[in-house]
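*Asks:* The structure under discussion is supplied below as C-alpha coordinates; questions concerning it will follow.
The values are calculated or read from the model by the stated rules, or taken from the named source; none is laboratory data. None of these values were measured; they are calculated from a predicted model. Quick reminder, even Gly has a Cβ in these numbers, built from the backbone with ideal geometry, and neighbours come from all protein chains shown. Note: accessible area is taken over every heavy atom of the protein model, side chains too, but ligands, DNA and RNA are not part of it. Shrake-Rupley method; radii C 1.70, N 1.55, O 1.52, S 1.80 Å.
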Amino acid sequence: MTEHVLVINAGSSSLKYSLVDSASGEAAATGLVEQIGEDSSHHVHHGPKGEWNDDQPIANHEAALEAAVRAFETQGPALADVDIVAVGHRVVHGGDRFAAPALIDDELIAAVTELVPLAPLHNPANLEGIKVARRLLPDLPHVAVFDTAFHQTLPPHAYTYAVPYEWQEKYGVRRYGFHGTSHAFVSAEAARLLGRSPDEINVIVLHLGNGCSAAAIRGGQSVDTSMGLTPLEGLVMGTRSGDVDPAIHGLLARVAGRSAEETDYTLNSESGLKGLTGVNDFREISRRRAAGDERAQLAFDIYCRRIKKYIGAYYAVLGTVDAIVFTAGVGQHSAEVRAAAVGGLDAFGIHLDADRNARSETFASTDDSPVAVLVIPTNEEWQIAREALTVVRQS
Ligand code: ADP
(Lines give C-alpha, C1' and ligand atoms only; values in the text may rest on other atoms or scores of the structure.)
Protein backbone atom coordinates (compact mmCIF):
# COMPACT_ATOMS: atom_id res chain seq x y z
CA MET A 1 0.00 0.00 0.00
CA THR A 2 1.44 3.41 -0.90
CA GLU A 3 1.90 6.05 1.77
CA HIS A 4 -0.68 8.83 1.87
CA VAL A 5 -0.74 12.19 3.62
CA LEU A 6 -3.95 13.96 4.60
CA VAL A 7 -3.31 17.59 3.64
CA ILE A 8 -5.39 20.22 5.47
CA ASN A 9 -5.69 23.90 4.55
CA ALA A 10 -7.88 25.70 7.08
CA GLY A 11 -9.07 29.21 6.20
CA SER A 12 -11.12 31.57 8.33
CA SER A 13 -14.45 30.18 7.09
CA SER A 14 -13.30 27.21 4.99
CA LEU A 15 -11.55 23.87 5.30
CA LYS A 16 -9.90 22.29 2.28
CA TYR A 17 -8.56 18.75 2.43
CA SER A 18 -6.85 16.31 0.15
CA LEU A 19 -5.71 12.72 0.66
CA VAL A 20 -2.51 12.60 -1.37
CA ASP A 21 -0.43 9.64 -2.53
CA SER A 22 2.99 10.97 -1.54
CA ALA A 23 4.80 9.04 -4.29
CA SER A 24 2.61 9.91 -7.30
CA GLY A 25 0.96 13.10 -6.08
CA GLU A 26 -2.44 11.70 -7.01
CA ALA A 27 -5.33 12.63 -4.72
CA ALA A 28 -7.44 9.67 -3.57
CA ALA A 29 -10.02 12.25 -2.47
CA THR A 30 -10.35 15.99 -2.11
CA GLY A 31 -12.91 18.13 -0.36
CA LEU A 32 -13.90 21.63 0.60
CA VAL A 33 -16.19 22.91 3.34
CA GLU A 34 -17.13 26.55 2.80
CA GLN A 35 -19.04 29.20 4.75
CA ILE A 36 -18.33 27.54 8.08
CA GLY A 37 -20.36 29.21 10.84
CA GLU A 38 -23.07 30.39 8.44
CA ASP A 39 -26.44 28.89 7.52
CA SER A 40 -25.31 28.51 3.93
CA SER A 41 -22.40 26.07 4.55
CA HIS A 42 -21.48 23.91 1.62
CA HIS A 43 -19.44 20.69 1.59
CA VAL A 44 -18.18 19.07 -1.60
CA HIS A 45 -16.20 15.81 -1.57
CA HIS A 46 -14.59 14.21 -4.62
CA GLY A 47 -13.85 10.54 -3.96
CA PRO A 48 -13.91 7.19 -5.74
CA LYS A 49 -17.72 7.46 -6.09
CA GLY A 50 -17.48 10.86 -7.82
CA GLU A 51 -18.71 14.22 -6.58
CA TRP A 52 -20.85 14.43 -3.46
CA ASN A 53 -22.45 17.63 -2.12
CA ASP A 54 -24.04 18.51 1.20
CA ASP A 55 -25.59 21.82 2.25
CA GLN A 56 -26.20 21.31 5.97
CA PRO A 57 -25.06 24.19 8.22
CA ILE A 58 -21.62 23.56 9.73
CA ALA A 59 -21.02 25.51 12.93
CA ASN A 60 -17.24 25.50 13.30
CA HIS A 61 -13.97 23.93 12.14
CA GLU A 62 -14.40 20.92 14.43
CA ALA A 63 -17.79 20.16 12.84
CA ALA A 64 -16.22 20.72 9.40
CA LEU A 65 -13.47 18.17 10.00
CA GLU A 66 -15.98 15.73 11.51
CA ALA A 67 -18.04 16.14 8.32
CA ALA A 68 -14.93 15.46 6.24
CA VAL A 69 -14.18 12.27 8.21
CA ARG A 70 -17.81 11.15 7.71
CA ALA A 71 -17.53 11.88 3.98
CA PHE A 72 -14.47 9.65 3.80
CA GLU A 73 -16.53 6.87 5.48
CA THR A 74 -19.59 7.18 3.24
CA GLN A 75 -18.01 8.36 -0.03
CA GLY A 76 -14.61 6.75 0.34
CA PRO A 77 -11.90 5.96 0.57
CA ALA A 78 -12.43 4.85 4.20
CA LEU A 79 -9.52 6.32 6.14
CA ALA A 80 -8.92 2.98 7.90
CA ASP A 81 -8.26 1.34 4.51
CA VAL A 82 -5.57 3.82 3.50
CA ASP A 83 -1.98 3.89 4.77
CA ILE A 84 -1.98 7.44 6.16
CA VAL A 85 1.44 8.33 7.55
CA ALA A 86 0.89 11.99 8.43
CA VAL A 87 -1.42 14.97 8.43
CA GLY A 88 0.19 17.93 6.64
CA HIS A 89 -1.10 21.39 7.60
CA ARG A 90 -0.61 24.48 5.49
CA VAL A 91 0.46 27.33 7.76
CA VAL A 92 0.74 30.74 6.13
CA HIS A 93 3.23 32.56 8.36
CA GLY A 94 6.26 30.94 9.95
CA GLY A 95 8.07 34.26 10.50
CA ASP A 96 11.83 33.86 10.74
CA ARG A 97 11.37 30.94 13.14
CA PHE A 98 10.65 28.27 10.54
CA ALA A 99 12.90 27.69 7.54
CA ALA A 100 11.58 24.14 7.10
CA PRO A 101 8.47 22.07 7.82
CA ALA A 102 8.21 20.93 11.43
CA LEU A 103 6.46 18.33 13.55
CA ILE A 104 3.57 19.91 15.41
CA ASP A 105 3.75 19.92 19.19
CA ASP A 106 2.62 22.35 21.87
CA GLU A 107 5.80 24.40 21.44
CA LEU A 108 5.18 24.85 17.71
CA ILE A 109 1.59 25.87 18.38
CA ALA A 110 2.84 28.50 20.83
CA ALA A 111 5.35 29.79 18.25
CA VAL A 112 2.72 30.02 15.49
CA THR A 113 0.39 31.79 17.96
CA GLU A 114 3.10 34.37 18.65
CA LEU A 115 3.21 35.06 14.89
CA VAL A 116 -0.53 35.93 14.72
CA PRO A 117 0.14 39.72 14.61
CA LEU A 118 2.03 39.18 11.33
CA ALA A 119 -0.83 37.17 9.75
CA PRO A 120 -4.00 38.07 11.67
CA LEU A 121 -6.35 36.61 9.05
CA HIS A 122 -4.48 33.39 8.28
CA ASN A 123 -2.56 32.01 11.25
CA PRO A 124 -5.55 31.85 13.66
CA ALA A 125 -7.50 29.80 11.08
CA ASN A 126 -4.50 27.54 10.43
CA LEU A 127 -4.13 27.02 14.20
CA GLU A 128 -7.81 26.16 14.54
CA GLY A 129 -7.39 23.52 11.80
CA ILE A 130 -4.37 22.08 13.61
CA LYS A 131 -6.13 21.93 16.98
CA VAL A 132 -9.25 20.15 15.73
CA ALA A 133 -7.26 17.75 13.53
CA ARG A 134 -5.00 16.79 16.44
CA ARG A 135 -8.11 16.13 18.54
CA LEU A 136 -9.89 14.07 15.91
CA LEU A 137 -6.82 12.24 14.54
CA PRO A 138 -4.65 11.88 17.66
CA ASP A 139 -2.71 8.82 16.54
CA LEU A 140 -1.15 10.43 13.45
CA PRO A 141 1.88 12.73 13.37
CA HIS A 142 0.88 16.27 12.35
CA VAL A 143 3.32 18.43 10.39
CA ALA A 144 3.22 22.19 9.71
CA VAL A 145 4.35 23.30 6.24
CA PHE A 146 4.87 27.06 6.05
CA ASP A 147 4.22 29.33 3.04
CA THR A 148 7.13 31.49 4.16
CA ALA A 149 9.74 28.79 4.81
CA PHE A 150 11.11 28.47 1.25
CA HIS A 151 12.01 32.17 1.27
CA GLN A 152 14.04 32.02 4.48
CA THR A 153 17.13 31.74 2.24
CA LEU A 154 16.73 35.38 1.13
CA PRO A 155 19.90 37.32 2.00
CA PRO A 156 19.54 40.21 4.50
CA HIS A 157 19.81 42.87 1.79
CA ALA A 158 16.82 41.29 0.01
CA TYR A 159 14.61 40.92 3.07
CA THR A 160 15.44 44.10 4.98
CA TYR A 161 13.35 47.20 4.28
CA ALA A 162 15.09 50.58 4.37
CA VAL A 163 13.16 51.73 7.43
CA PRO A 164 14.41 52.26 11.01
CA TYR A 165 16.31 49.07 11.75
CA GLU A 166 14.67 48.67 15.13
CA TRP A 167 11.30 48.06 13.42
CA GLN A 168 12.67 44.73 12.28
CA GLU A 169 14.10 43.89 15.70
CA LYS A 170 11.05 45.01 17.68
CA TYR A 171 8.12 44.24 15.38
CA GLY A 172 9.42 41.77 12.79
CA VAL A 173 9.07 44.32 9.95
CA ARG A 174 10.93 42.63 7.06
CA ARG A 175 10.15 40.78 3.86
CA TYR A 176 9.09 37.14 4.40
CA GLY A 177 7.57 36.09 1.08
CA PHE A 178 4.69 33.66 0.53
CA HIS A 179 3.52 30.94 -1.94
CA GLY A 180 6.70 29.09 -0.88
CA THR A 181 5.31 25.60 -1.44
CA SER A 182 4.32 26.52 -4.98
CA HIS A 183 7.66 28.18 -5.81
CA ALA A 184 9.50 25.16 -4.38
CA PHE A 185 7.35 22.70 -6.33
CA VAL A 186 7.49 24.33 -9.77
CA SER A 187 11.17 25.27 -9.58
CA ALA A 188 12.02 21.62 -8.83
CA GLU A 189 9.76 20.56 -11.72
CA ALA A 190 11.57 23.03 -14.01
CA ALA A 191 14.90 21.38 -13.18
CA ARG A 192 13.42 17.94 -13.86
CA LEU A 193 12.01 19.09 -17.22
CA LEU A 194 15.37 20.63 -18.21
CA GLY A 195 17.16 17.41 -17.20
CA ARG A 196 19.30 19.34 -14.72
CA SER A 197 19.82 19.27 -11.00
CA PRO A 198 17.99 22.08 -9.12
CA ASP A 199 21.30 23.31 -7.68
CA GLU A 200 22.67 23.93 -11.20
CA ILE A 201 19.98 26.27 -12.51
CA ASN A 202 18.54 29.75 -11.99
CA VAL A 203 14.80 30.16 -12.35
CA ILE A 204 12.28 33.00 -12.22
CA VAL A 205 8.88 31.73 -11.10
CA LEU A 206 5.67 33.66 -11.72
CA HIS A 207 2.81 32.31 -9.62
CA LEU A 208 -0.27 34.04 -11.07
CA GLY A 209 -3.45 32.91 -9.30
CA ASN A 210 -5.85 35.05 -7.30
CA GLY A 211 -2.76 35.97 -5.33
CA CYS A 212 0.33 36.57 -7.47
CA SER A 213 4.02 36.48 -6.64
CA ALA A 214 7.36 36.27 -8.39
CA ALA A 215 10.49 34.58 -7.06
CA ALA A 216 14.13 34.56 -8.10
CA ILE A 217 15.55 31.11 -7.38
CA ARG A 218 19.29 30.43 -7.60
CA GLY A 219 20.43 26.82 -7.38
CA GLY A 220 17.15 25.73 -5.79
CA GLN A 221 17.18 28.51 -3.17
CA SER A 222 14.94 31.57 -3.12
CA VAL A 223 17.06 34.75 -3.24
CA ASP A 224 14.29 37.29 -3.82
CA THR A 225 10.51 37.38 -3.93
CA SER A 226 7.85 39.97 -4.57
CA MET A 227 5.51 39.47 -1.59
CA GLY A 228 6.90 41.04 1.55
CA LEU A 229 5.89 41.51 5.16
CA THR A 230 2.42 40.44 4.04
CA PRO A 231 1.06 39.05 0.74
CA LEU A 232 0.10 42.60 -0.34
CA GLU A 233 3.42 43.64 -1.90
CA GLY A 234 4.61 43.03 -5.45
CA LEU A 235 2.57 42.00 -8.49
CA VAL A 236 -0.96 43.18 -9.28
CA MET A 237 -3.42 40.54 -8.04
CA GLY A 238 -7.14 39.72 -8.18
CA THR A 239 -8.05 42.06 -5.32
CA ARG A 240 -4.64 43.26 -4.03
CA SER A 241 -2.84 46.31 -5.35
CA GLY A 242 0.71 44.95 -5.14
CA ASP A 243 3.39 47.67 -5.01
CA VAL A 244 2.07 51.15 -4.20
CA ASP A 245 3.56 54.23 -2.58
CA PRO A 246 3.05 53.73 1.19
CA ALA A 247 2.22 57.44 1.37
CA ILE A 248 -1.29 56.45 0.15
CA HIS A 249 -2.21 55.70 3.78
CA GLY A 250 -1.28 59.19 4.98
CA LEU A 251 -2.90 60.96 2.04
CA LEU A 252 -6.21 59.13 2.44
CA ALA A 253 -6.19 59.80 6.18
CA ARG A 254 -5.83 63.53 5.47
CA VAL A 255 -8.15 63.98 2.50
CA ALA A 256 -10.75 61.26 3.14
CA GLY A 257 -10.51 60.63 6.90
CA ARG A 258 -9.80 56.96 6.26
CA SER A 259 -8.14 54.95 9.01
CA ALA A 260 -5.06 52.82 8.32
CA GLU A 261 -7.23 49.71 8.78
CA GLU A 262 -9.75 50.89 6.18
CA THR A 263 -7.06 51.64 3.61
CA ASP A 264 -5.36 48.33 4.41
CA TYR A 265 -8.63 46.53 3.76
CA THR A 266 -9.17 48.36 0.46
CA LEU A 267 -5.63 47.63 -0.77
CA ASN A 268 -6.08 43.94 0.09
CA SER A 269 -9.69 43.28 -0.88
CA GLU A 270 -10.92 45.98 -3.26
CA SER A 271 -7.90 46.82 -5.36
CA GLY A 272 -5.88 45.01 -8.04
CA LEU A 273 -7.94 43.85 -11.03
CA LYS A 274 -11.14 44.27 -9.01
CA GLY A 275 -10.34 47.87 -8.10
CA LEU A 276 -9.66 48.73 -11.71
CA THR A 277 -12.53 46.90 -13.40
CA GLY A 278 -14.99 45.70 -10.74
CA VAL A 279 -14.12 42.02 -11.33
CA ASN A 280 -11.22 39.89 -10.12
CA ASP A 281 -11.74 36.88 -12.41
CA PHE A 282 -9.11 37.08 -15.10
CA ARG A 283 -11.29 35.26 -17.63
CA GLU A 284 -13.83 38.07 -17.40
CA ILE A 285 -11.06 40.66 -17.90
CA SER A 286 -10.01 38.74 -21.05
CA ARG A 287 -13.58 38.65 -22.36
CA ARG A 288 -14.11 42.36 -21.76
CA ARG A 289 -10.75 43.21 -23.32
CA ALA A 290 -11.58 41.16 -26.40
CA ALA A 291 -14.86 43.11 -26.64
CA GLY A 292 -12.94 46.40 -26.69
CA ASP A 293 -13.44 47.48 -23.05
CA GLU A 294 -10.80 50.14 -22.40
CA ARG A 295 -10.68 49.70 -18.62
CA ALA A 296 -10.13 45.96 -18.99
CA GLN A 297 -7.33 46.72 -21.47
CA LEU A 298 -5.75 49.15 -18.99
CA ALA A 299 -5.97 46.57 -16.16
CA PHE A 300 -4.38 43.95 -18.42
CA ASP A 301 -1.57 46.32 -19.37
CA ILE A 302 -0.84 47.30 -15.75
CA TYR A 303 -0.89 43.63 -14.68
CA CYS A 304 1.51 42.49 -17.43
CA ARG A 305 3.85 45.47 -17.14
CA ARG A 306 4.35 44.74 -13.45
CA ILE A 307 5.24 41.13 -14.26
CA LYS A 308 7.68 42.27 -16.93
CA LYS A 309 9.36 44.68 -14.50
CA TYR A 310 9.87 41.88 -11.98
CA ILE A 311 11.27 39.60 -14.69
CA GLY A 312 13.80 42.32 -15.55
CA ALA A 313 14.66 42.93 -11.90
CA TYR A 314 15.10 39.25 -11.11
CA TYR A 315 17.12 38.66 -14.28
CA ALA A 316 19.52 41.32 -13.01
CA VAL A 317 19.56 39.78 -9.51
CA LEU A 318 20.33 36.30 -10.87
CA GLY A 319 22.78 37.31 -13.62
CA THR A 320 21.91 34.28 -15.75
CA VAL A 321 18.51 32.65 -16.10
CA ASP A 322 17.78 29.11 -17.32
CA ALA A 323 14.00 29.21 -17.15
CA ILE A 324 11.02 31.46 -16.57
CA VAL A 325 8.13 29.44 -15.18
CA PHE A 326 4.46 30.44 -15.34
CA THR A 327 2.10 28.72 -12.93
CA ALA A 328 -1.34 28.93 -11.20
CA GLY A 329 -4.66 29.83 -12.89
CA VAL A 330 -3.58 32.80 -14.99
CA GLY A 331 0.03 31.67 -15.49
CA GLN A 332 -1.03 28.27 -16.79
CA HIS A 333 -3.95 29.31 -18.91
CA SER A 334 -3.43 32.81 -20.24
CA ALA A 335 -1.25 32.78 -23.36
CA GLU A 336 -1.91 36.52 -23.76
CA VAL A 337 -0.44 37.31 -20.32
CA ARG A 338 2.65 35.20 -20.99
CA ALA A 339 3.11 36.82 -24.41
CA ALA A 340 2.77 40.33 -22.98
CA ALA A 341 5.03 39.57 -20.01
CA VAL A 342 7.98 38.11 -21.94
CA GLY A 343 7.32 39.66 -25.36
CA GLY A 344 10.09 41.93 -26.63
CA LEU A 345 12.68 40.36 -24.34
CA ASP A 346 14.57 38.59 -27.15
CA ALA A 347 17.68 40.59 -26.30
CA PHE A 348 17.58 38.78 -22.91
CA GLY A 349 17.64 35.41 -24.71
CA ILE A 350 13.92 34.86 -24.10
CA HIS A 351 12.34 33.63 -27.34
CA LEU A 352 8.68 32.70 -27.03
CA ASP A 353 7.22 30.31 -29.64
CA ALA A 354 3.85 31.88 -30.49
CA ASP A 355 2.13 28.59 -31.42
CA ARG A 356 3.42 26.61 -28.46
CA ASN A 357 2.48 29.46 -26.15
CA ALA A 358 -1.01 29.69 -27.65
CA ARG A 359 -1.44 25.96 -26.91
CA SER A 360 -0.04 26.42 -23.35
CA GLU A 361 2.56 23.72 -24.03
CA THR A 362 5.00 22.94 -21.22
CA PHE A 363 7.85 24.34 -23.31
CA ALA A 364 6.41 27.61 -24.64
CA SER A 365 9.78 28.89 -25.91
CA THR A 366 11.59 28.03 -29.14
CA ASP A 367 14.01 25.08 -29.15
CA ASP A 368 17.00 27.41 -29.40
CA SER A 369 15.84 29.90 -26.77
CA PRO A 370 18.69 30.29 -24.23
CA VAL A 371 16.03 30.89 -21.55
CA ALA A 372 13.25 28.27 -21.48
CA VAL A 373 9.74 29.59 -20.92
CA LEU A 374 7.84 26.85 -19.10
CA VAL A 375 4.16 26.38 -18.24
CA ILE A 376 3.94 24.12 -15.19
CA PRO A 377 0.82 23.34 -13.14
CA THR A 378 1.56 23.84 -9.46
CA ASN A 379 0.66 21.17 -6.93
CA GLU A 380 0.90 22.62 -3.45
CA GLU A 381 -0.90 19.65 -1.87
CA TRP A 382 1.70 17.23 -3.23
CA GLN A 383 4.53 19.48 -2.07
CA ILE A 384 2.98 19.64 1.43
CA ALA A 385 2.58 15.84 1.42
CA ARG A 386 6.20 15.29 0.40
CA GLU A 387 7.53 17.73 2.97
CA ALA A 388 5.35 16.21 5.72
CA LEU A 389 6.66 12.77 4.83
CA THR A 390 10.28 13.97 5.04
CA VAL A 391 9.64 15.28 8.56
CA VAL A 392 7.95 12.07 9.67
CA ARG A 393 10.80 9.94 8.31
CA GLN A 394 13.37 12.06 10.20
CA SER A 395 11.52 11.92 13.52
P1 ADP B 1 -5.94 30.48 -6.31
O2 ADP B 1 -4.87 31.51 -6.15
O3 ADP B 1 -7.20 30.83 -5.61
O4 ADP B 1 -5.49 29.05 -6.11
P5 ADP B 1 -5.98 29.88 -9.16
O6 ADP B 1 -4.56 29.45 -9.22
O7 ADP B 1 -7.03 28.86 -9.43
O8 ADP B 1 -6.35 30.62 -7.81
O9 ADP B 1 -6.17 31.10 -10.18
C10 ADP B 1 -7.35 31.81 -10.26
C11 ADP B 1 -7.26 32.82 -11.39
O12 ADP B 1 -6.94 32.13 -12.61
C13 ADP B 1 -8.55 33.57 -11.63
O14 ADP B 1 -8.29 34.94 -11.87
C15 ADP B 1 -9.09 32.92 -12.91
O16 ADP B 1 -9.86 33.82 -13.65
C17 ADP B 1 -7.79 32.62 -13.62
N18 ADP B 1 -7.99 31.63 -14.69
C19 ADP B 1 -8.44 30.36 -14.56
N20 ADP B 1 -8.58 29.79 -15.79
C21 ADP B 1 -8.18 30.73 -16.70
C22 ADP B 1 -8.10 30.79 -18.12
N23 ADP B 1 -8.45 29.73 -18.87
N24 ADP B 1 -7.64 31.93 -18.70
C25 ADP B 1 -7.31 33.00 -17.95
N26 ADP B 1 -7.39 33.01 -16.61
C27 ADP B 1 -7.82 31.91 -15.99
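Every residue, every condition in (1) part of a strand (DSSP E or B); (2) under 22 Å from Ser182 (Cβ atoms), yes or no:
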residue: Val87; (1), (2): yes, yes
residue: Arg97; (1), (2): no, yes
residue: Glu107; (1), (2): no, no
residue: Ala111; (1), (2): no, no
residue: Asn126; (1), (2): no, yes
residue: Ile130; (1), (2): no, yes
residue: Arg135; (1), (2): no, no
residue: Asp139; (1), (2): no, no
residue: Val143; (1), (2): yes, yes
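*Asks:* Still on this model: Which of the helices (runs of 4 or more DSSP H) contained wholly in the range 289-395 include at least 1 residues that are open to solvent by less than 40 Å² (accessible area, probe 1.4 Å) and over 23 Å from Leu276 (Cβ atoms)?
*Replies:* Once the helices (runs of 4 or more DSSP H) in the range 289-395 are filtered for at least 1 residues that are open to solvent by less than 40 Å² (accessible area, probe 1.4 Å) and over 23 Å from Leu276 (Cβ atoms), what remains is 294-318, 354-358, 380-394.
*Asks:* Now for a different question. Out of the range 303-338, which residues are within 21 Å of Gly234 (Cβ to Cβ), among the aliphatic types (A, V, I, L, M) and within 15 Å of the ligand (Cβ to nearest atom)?
*Replies:* Of everything in the range 303-338, those that are within 21 Å of Gly234 (Cβ to Cβ), among the aliphatic types (A, V, I, L, M) and within 15 Å of the ligand (Cβ to nearest atom) turn out to be Ile307, Val325, Ala328, Val330, Val337.
*Asks:* Please count how many residues of the range 12-42 are open to solvent by less than 20 Å² (accessible area, probe 1.4 Å), in contact (Cβ under 8 Å) with a residue 60 or more places away in the chain and under 24 Å from His93 (Cβ atoms).
*Replies:* Number of matching residues: 3.
*Asks:* Go through the range 153-185 and count every residue that is closer than 18 Å to Val205 by Cα and in contact with a Leu (Cβ under 8 Å, 6 or more places away or on another chain).
*Replies:* Residues in the range 153-185 being closer than 18 Å to Val205 by Cα and in contact with a Leu (Cβ under 8 Å, 6 or more places away or on another chain): 3 in total.
*Asks:* Among the residues of the range 155-180, what is the count of those that are in contact with a strand residue (DSSP E or B) (Cβ under 9 Å, 6 or more places away or on another chain) and open to solvent by less than 20 Å² (accessible area, probe 1.4 Å)?
*Replies:* Qualifying residue count, the range 155-180: 5.
*Asks:* Identify, from the list Val163, Val203, the residue that is free of Cβ contacts under 8 Å to residues at least 24 places away in the same chain and not aromatic (Phe, Trp, Tyr).
*Replies:* Criteria check complete, one pass: Val163.
*Asks:* Can you tell me which condition Ala67 does not meet? The list is (1) of a type outside the set (S, T, N, Q); (2) more than 27 Å from His179 (Cα to Cα); (3) surrounded by fewer than 16 Cβ atoms within 10 Å (Cβ to Cβ), and all the others hold.
*Replies:* Among (1) of a type outside the set (S, T, N, Q); (2) more than 27 Å from His179 (Cα to Cα); (3) surrounded by fewer than 16 Cβ atoms within 10 Å (Cβ to Cβ), Ala67 violates only (3).
*Asks:* Working only within the range 79-133, note down all residues that are out of contact with any strand residue (DSSP E or B) (no Cβ under 6 Å at 6 or more places or on another chain) and of a type in the set (Lys, Arg).
*Replies:* Matches in the range 79-133: Arg97, Lys131.
*Asks:* Something else: Just checking: which of the helices (runs of 4 or more DSSP H) contained wholly in the range 181-284 hold 2 or more residues that are within 16 Å of the ligand (Cβ to nearest atom) and surrounded by fewer than 24 Cβ atoms within 10 Å (Cβ to Cβ)?
*Replies:* Because the criterion is at least 2 residues that are within 16 Å of the ligand (Cβ to nearest atom) and surrounded by fewer than 24 Cβ atoms within 10 Å (Cβ to Cβ), the helices (runs of 4 or more DSSP H) in the range 181-284 that meet it are 260-269, 272-277.
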